[in-house]
Amino acid sequence: MIDVSTLRYVPIAMFNGIQDSTVPIENTQWANKTINTTILYREIEGHDHMSFMYGKNMTWGDEMIAVIKKSGATQLAVAAGMTTTAALYLF
């Protein structure tokens, strides 16, 4: 397991569904407080774990694209699951 509190150079944006029963919001709140490189944290009402893939409201994607463009990232990895519903790792 990676000690996320030691991250120093990986900017992370987190988009989290408040109704996510797979990854409870308390877990994402902990991750947000623990990860030192979080550049954006959003809790999204009406979203659960699968809303990020199959949801009717995908407007969070517009904000995600804006974060990527603003960061100047040339590489991107998307993680879903363990600690947060959706976290963007921008390089």
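The values are calculated or read from the model by the stated rules, or taken from the named source; none is laboratory data. For clarity, every value in this text was computed on a predicted model and none was experimentally measured. Cβ atoms come from the backbone with ideal geometry, glycine included; neighbour counts cover every protein chain shown.
Annotations
- Test: GLN19 is closer than 29 Å to GLY72 by Cβ and out of contact with any Gly (no Cβ under 6 Å at 6 or more places or on another chain): no
- Pairs meeting the criteria (first residue in region 22-50 and more than 25 Å from SER71 (Cα to Cα), second residue of a type in the set (D, E, K, R) and surrounded by 13 or more Cβ atoms within 10 Å (Cβ to Cβ), beta carbons under 6 Å, at least 6 apart or on different chains) are ASP48/ASP20; HIS49/ASP20.
Here's the yes/no breakdown for (1) surrounded by 13 or more Cβ atoms within 10 Å (Cβ to Cβ); (2) in contact with a Gly (Cβ under 9 Å, 6 or more places away or on another chain):
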site: THR6; (1), (2): no, no
site: TYR9; (1), (2): no, no
site: ALA13; (1), (2): yes, no
site: ILE25; (1), (2): yes, yes
site: GLN29; (1), (2): yes, no
site: HIS49; (1), (2): yes, yes
site: GLY55; (1), (2): yes, yes
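- Of all residues in region 31-41, those being surrounded by fewer than 17 Cβ atoms within 10 Å (Cβ to Cβ) and touching a strand residue (DSSP E or B) at 6+ places or on another chain (Cβ under 8 Å) number 2.
- Here ILE25 fulfils each of the conditions (1) modelled with pLDDT of 85 or more; (2) in contact with a helix residue (DSSP H, G or I) (Cβ under 8 Å, 6 or more places away or on another chain) apart from (2).
- Of all residues in region 38-57, those being of a type outside the set (Asp, Glu) and farther than 16 Å from ALA13 by Cβ number 9.
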